[in-house]
1. For the residue pair ALA242 and ASP148, what label-to-label distance in nm results when each label sits 7 Å from Cα along the Cα-to-beta-carbon direction?
2. Taking θ as phi - 60°, what are the ³J(HN,Hα) couplings along the stretch 134-139 by the Karplus curve (6.51, -1.76, 1.60), each to the nearest whole Hz, with x for Gly and Pro?
3. Calculated FRET efficiency, ARG622 and SER8, Cβ-Cβ r, R0 60 Å, to nearest 0.05?
4. Could you work out how much longer the chain between LYS432 and ASN597 gets when fully extended? Use 0.36 nm per residue separation minus the Cα distance between them, nm to one decimal.
5. Pop a pseudo-label 7 angstrom from the Cα along the beta-carbon direction at both ALA474 and GLU53 and give the gap in nm to one decimal.
6. Run the quick spin-label model on MET1 and GLU117: label points 7 Å from Cα toward the beta carbon, then report their separation in nm to one decimal.
7. In terms of the Cα gyration tensor, with a ≥ b ≥ c the square roots of its eigenvalues, is the stretch 120-181 rounded because a/c is under 1.5, prolate because a/b exceeds b/c, or oblate?
8. For the stretch 291-342, what does the relative contact order come out to in percent, with C-alpha contacts under 8 Å and a separation of six or more?
Amino acid sequence: MGMIHLLSEQLASQIAAGEVIERPASVVKELVENALDAGATSIHVDVRQGGRESIQVADNGRGIPAEQAELAFRRHATSKLETAADLAAIYTLGFRGEALAAIAAVSQLTMITRPVEATAGLRLVLEAGEVVSREGVGAPVGTVMAVDKLFYNMPARLKFLKTIATEKRLIDELVTKYALAYPQVGFRLTHNGRVTFQTSGNGALRGVLGQVYGAQLGRSLLEIGAVDEDGEGADEAVGETAVAVRGFVAPPGEHRANRQQITLFVNGRWVKDKSLTYAVIQAYHTFLPVGRYPIALIFIELPADEVDVNVHPTKTEVRFREPRRVFGAVQKRVRAAILAEAPVRDLGSTGMFAQLTQPRPSWRRGENVQEAFELPEAGENQRVDWGGWGTNADGALQGALGLPAAHQNAPLPMPQAGELAPRPRLDLAGEKLPIMRVVGQIGASYIITEGPEGLFLVDQHAAHERIMYEKYLAAHGQKRVVSQTLVAGTAVQLTPDQAGLLEENLPTLAALGFDVEPFGPQTFMIRAVPAFIATQDPTRLVADVVADLERGDAPTRQKVEDKIIRRVCKTASIKQGQVLSRAEMDALIQQLEACQNPHTCPHGRPTLIYLSVSQLAKEFGRT
Ligand code: ADP
Ligand code: MG
């Protein structure tokens, strides 16, 4: 360790920059916020190589007077805040005076700016925060910030950037969110010169909704905040605090596999807030299937002094003076919007048996109506191939994975009687299961079996997922995944960032038996799916796959494949609450025995619980 000394100005500013600017999307966020604060009505964001090469934000806002240009790039230089009292009520998106200094410190930055009263513009070039050139130029009113080679002088940070595709997606997400909150501003986003997203700026939020969520979903979104005759739905006003909640939520029939489509704005600022996200989820209580999440766009407005935005340098977190009041307002207003539209969809009871009473979804494809979870026709003595689940009446999909079922023709093995060597615990990964005899099914969810030294409770869904997973993986490994063409292709509409994500993974999907192709802006046509899942709703499946891909980051090809495989298996597997025939149970158990890793489902949950004979004896006090 050396002597204590002050950091050089350059190093200090790099460290400070690290707090504000984490990745290209943070640069876009700060520059877009500055443009909005400058009163721009048109904002053009152009990025190259996911922002790694360059990010340019051009606005028609009020510009920066030439004599203040250098000052704008100094740390803690702002025109938005003067006294400590101002900090108690912030009306602008920026206020910390950090962003420009931070961005300039870690990039090569060119600014061209011209206020309306100036006759010409100013061009300022900075490198690692130092001004390297300054000259007058002809320029329209407004500001252009061009950020090149972000983190070129911070190799450590550069290393932490994700793939171009991921960085691009984060930028897409950011711009679309701001476009939703500011429909009166025209946004244009271009990647490598190609327009990927554009709004008119005519103030019509419905139009922007259609662009971001796709025309169909955009139209179906329910509006929060329409006050009805009884005055129900009027803004929460308690004491001096009025919390206005507006926005749009999807009807309960539309849901996603993760929370990512719950978007929150507080006083025009996009924020992340676990508690308010939960308020939205709670509002949907009993409306959504277990493990599914709503789509919501929520604008919360409250007096500026009721919310502290100075929590974190990135300004994406806020603190409320009365958090419970805000939580309550969000939950109540979202719930009211759902109830107003869909009172009959409330599934009523919750808890253990709720799932059993939920109506099973069914989908219509052409004239051929298929119960989604329809059981294959199987007589008592017939074998059922669970790996090719989806076997329909004509058997066309039998063995869809092209693999022989492990026990197809084997005689039914019986448990061995007599003395047996004591066995250790059965939860070791990779350890094979003993041969088991099916005793019966309980709760239409678990299969009880008897093994040589005890009993097993098998989770039918988890077990089936495991079987499908191994077969799908094997078929994929041998490039033998059979796909089934859909008679009429179905279209799926996605948000711009989701569309980008899907597009970049189309080859992987193709290798896994999907035929999906771009079909107009943000729309894809699903032409074929893996055959063993052909009876399921393809649109929902693809939407779920995309939602899975959104989760987590920097997916390697391997990980992407695995995510898709797991989602397909989950969708195609028999569900809890499904009554199985003896033949079906036998087949399921035999195929589970044949698995490489029979003890867990692909997500790592156990497929079975084991109770040994000696444990049973102990429980009954027989030892
Ligand atoms: P903050 O936004 O917190 O004030 P910034 O570092 O982002 O801090 O910006 C510093 C100052 O530069 C702002 O307060 C504003 O006066 C000016 N500025 C930055 N971007 C723009 C822009 N696009 N148009 C006009 N003025 C701008
Ligand atoms: Mg700012």
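1. 5.1 nm
2. With the stated coefficients, the stretch 134-139 comes to 8, 8, x, 9, x, 7 Hz.
3. With a Förster radius of 60 Å, E is 0.20.
4. Taking 0.36 nm per residue and subtracting the Cα distance, the gain is 58.7 nm.
5. Inter-label distance under the simple model: 4.6 nm.
6. Placing both labels 7 Å beyond Cα along the Cβ direction yields 5.4 nm.
7. Oblate, since a/c reaches 1.5 and b/c is not below a/b.
8. 20 percent.
Quick note: the coordinates plus some simple rules give every number you see, no bench work behind them. On a predicted model such as this, the values are computed, not experimentally measured, just so you know. Virtual Cβ from ideal backbone geometry, glycine too; neighbours counted across all protein chains shown.
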